[in-house]
Amino acid sequence: MIALTVNARDISADTEPRTHLADFLRDGLNLTGTHLGCEHGVCGACTLLLDDVPARSCITYAVACDGARVTTIEGLDDDEVTIELRAAFSREHALQCGYCTPGMLISARDLVLRLPTADESDIRVGMSGNLCRCTGYVGIIRAVRVVIKARRARGVAPIVGAGRTSLGPVGSGHGARSSSGAMAAASAEVPSARDATMPIPDFTPETTFEQQFVVAHPPASVFDFFGDIPAVAACLPGASLSGVAAPGQVDGAIEVKLGPIAAKFQGAARIERDPATMSGRIVGTGNDRRSRSSTQGEIRYRLTAIEQGTATRITFSIGYSLRGTLAQFARPRLVSDIAERLTADFARNLDHALSGRPPDGTAAPATSLNGIALLGDVLRQRARRLLRNIWRRSPSRNE
């Protein structure tokens, strides 16, 4: 369990001892502005600020940052120096593909803060830990010089050390919190397991689609059932819970198999319910370490009474964003078709559960979501629709 501040936001989370800070930020917090290049601490693409000092996040363990202050390129959107550097980089043609740029900007910001003059040799030495395969560095050096000159001309004095308060490796001393005495201090800061989960932020989905189905049960019964998270999870193939669901939040996982790829997205979800409107919202985030994929998802649902209140129409929208290896399979049309099949399975299991029968009548839901099987069903359905259309348009049929 570690607790740190990321971009002025307090974060607490469980992490494996071997997890690097870059992976923790990218996979766990979706802060993908921190880029990974060599993963040996050489190229500088992963540079960020650790306690206000530039550091290589690809060779820094997340557990060593317990109690530290971490600032990524996303956290410098409104930073005065970074704003000036971004403008100078654009004017001086200091970027091409842009992959190294986040690390370049953070290292350049450090030089702007602490160098007394815009000496080219000092800047080249200071930027030597950031490699670029595109620009030839001329524009980069020129951009840094321009910003330093402009700030010194305005009377902005250099800051000695630019945030450095002690000698030694960046972030040194934080790892000592992992001792038994420090664990007690961490426990005092994080009073319960529920408080130890990472915050689940709102987000804007990259892809959204809608589905609906009908169950032969009144809305009040369906809404009450949706409040029983373990029961709902039992109706969804591949879903499982870890621990006991707490009010408003739940930890769990969903397993997916796509041919040779087996992924298990582990994460948490925030649950919102409104009995007055018979509606709800679930916002979740998770990541799979094996495929290095991460996802954010949102489900909004609304229940409507039909057939004089004896049945319920469930309308919901699904929005998601996916990063990593599995993103190449996430074509919106294909995902929509698979979601349609999943919706049918969930509706059938839900109806059985509300009726007091086991899911699918005889068997429990699948322990993992078999994407290949679903894809095969989707392709068969598409083929049948295509054949029906050809049959309708057949000249012999029209005669």
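The values are calculated or read from the model by the stated rules, or taken from the named source; none is laboratory data. Just so it is clear, the model here is predicted, and its values are computed rather than measured. Positions of Cβ are backbone-derived with ideal geometry, glycine not excepted, and every protein chain shown enters the neighbour counts.
For the range 39-55: of the residues being farther than 16 Å from Arg109 by Cβ and touching a residue at least 60 places away in the same chain (Cβ under 8 Å), which is surrounded by the most Cβ atoms within 10 Å (Cβ to Cβ)? Before the answer, list the steps.
Step one: filter the range 39-55 for residues farther than 16 Å from Arg109 by Cβ, giving 39-43.
Cutting the leftovers down to touching a residue at least 60 places away in the same chain (Cβ under 8 Å) gives us 42-43.
Working: Val42: 13, Cys43: 22.
My answer is Cys43.
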Being of a type in the set (A, V, I, L, M, F, W, C), part of a helix (DSSP H, G or I) and either surrounded by fewer than 19 Cβ atoms within 10 Å (Cβ to Cβ) or outside the structural domain of Val42 (by TED's automatic domain parsing) (or both) is the filter here, so list the residues in the range 132-155 that pass it. Val138, Ala150, Ala153
Could you please give the count of residues in the range 24-53 that are in contact with a helix residue (DSSP H, G or I) (Cβ under 8 Å, 6 or more places away or on another chain), outside any loop (DSSP other than H, G, I, E, B) and not aromatic (Phe, Trp, Tyr)? 6
Tell me whether the range 3-15 contains one or more residues that are within 19 Å of Gly126 (Cα to Cα), of a type outside the set (Phe, Trp, Tyr) and either in the same structural domain as Val144 (by TED's automatic domain parsing) or modelled with pLDDT under 95 (or both). no
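Within the range 98-131, take every residue that is among the hydroxyl-bearing types (Ser, Thr, Tyr) and assigned to a helix (DSSP H, G or I) and give me the one that is surrounded by the most Cβ atoms within 10 Å (Cβ to Cβ). Please lay out each step first, then the result.
Going through the range 98-131, the residues among the hydroxyl-bearing types (Ser, Thr, Tyr) turn out to be 99, 101, 107, 117, 121, 128.
Narrowing further to those that are assigned to a helix (DSSP H, G or I): 101, 107, 121.
Values: Thr101: 25, Ser107: 21, Ser121: 8.
Among those that are among the hydroxyl-bearing types (Ser, Thr, Tyr) and assigned to a helix (DSSP H, G or I), it is Thr101.
Residue-wise test of (1) modelled with pLDDT of 85 or more; (2) closer than 19 Å to Phe209 by Cβ.
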position	(1), (2)
Lys257	no, no
Glu272	yes, no
Gln296	no, yes
Tyr301	yes, yes
Which pairs have Cβ atoms under 6 Å, sit 6 or more apart or on different chains, and link a residue in the range 307-332 that is assigned by TED's automatic domain parsing to the domain that holds Arg348 and more than 28 Å from Asp288 (Cβ to Cβ) to one that is at pLDDT 75 or above and in a helix (DSSP H, G or I)? Thr312/Pro219; Thr312/Val222
Would you be able to say whether some residue in the range 77-84 is of a type in the set (A, V, I, L, M), part of a helix (DSSP H, G or I), at pLDDT 95 or above and in the same structural domain as Gly37 (by TED's automatic domain parsing)? yes
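With Cys100, Cys134 as the choices, which residue is at pLDDT below 95 and in contact with a Cys (Cβ under 8 Å, 6 or more places away or on another chain)? Walk me through it before giving the result.
Working: Cys100 fails: at pLDDT below 95.
So the residue among Cys100, Cys134 that is at pLDDT below 95 and in contact with a Cys (Cβ under 8 Å, 6 or more places away or on another chain) is Cys134.
Yes/no per residue for (1) modelled with pLDDT of 90 or more; (2) surrounded by fewer than 16 Cβ atoms within 10 Å (Cβ to Cβ):
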| residue | (1), (2) |
| --- | --- |
| Gln212 | no, yes |
| Ser221 | yes, yes |
| Ala245 | no, no |
| Ile254 | no, no |
Within the range 160-181, restricting attention to residues that are at pLDDT 60 or above, out of contact with any Lys or Arg (no Cβ under 6 Å at 6 or more places or on another chain) and of a type in the set (A, V, I, L, M), which residue is surrounded by the fewest Cβ atoms within 10 Å (Cβ to Cβ)? Val160
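Results for (1) crowded, with 18+ Cβ neighbours inside 10 Å; (2) out of contact with any His (no Cβ under 8 Å at 6 or more places or on another chain); (3) free of Cβ contacts under 8 Å to residues at least 12 places away in the same chain, shown as yes or no for each residue.
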residue: Arg9; (1), (2), (3): no, yes, no
residue: Leu25; (1), (2), (3): yes, yes, no
residue: Cys58; (1), (2), (3): yes, no, no
residue: Tyr61; (1), (2), (3): yes, no, no
residue: Gly75; (1), (2), (3): yes, yes, no
residue: Glu84; (1), (2), (3): yes, yes, no
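Here is a check on your reading of the model: is Leu29 surrounded by 19 or more Cβ atoms within 10 Å (Cβ to Cβ), in the same structural domain as Leu105 (by TED's automatic domain parsing) and over 24 Å from Leu111 (Cα atoms)?
Details: surrounded by 19 or more Cβ atoms within 10 Å (Cβ to Cβ): yes; in the same structural domain as Leu105 (by TED's automatic domain parsing): yes; over 24 Å from Leu111 (Cα atoms): yes.
Yes, satisfied.
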For the list (1) over 18 Å from the mean Cα position of the chain (by Cα); (2) on the phi > 0 side of the Ramachandran plot, I need the number of the one condition that Asn7 fails. (1)
What number of residues within the range 283-300 satisfy the criterion of being surrounded by 20 or more Cβ atoms within 10 Å (Cβ to Cβ) and out of contact with any Asp or Glu (no Cβ under 6 Å at 6 or more places or on another chain)? 9
Do you know which residues across the range 10-19 are part of a strand (DSSP E or B) and more than 16 Å from the chain's Cα centre (by Cα)? Asp10
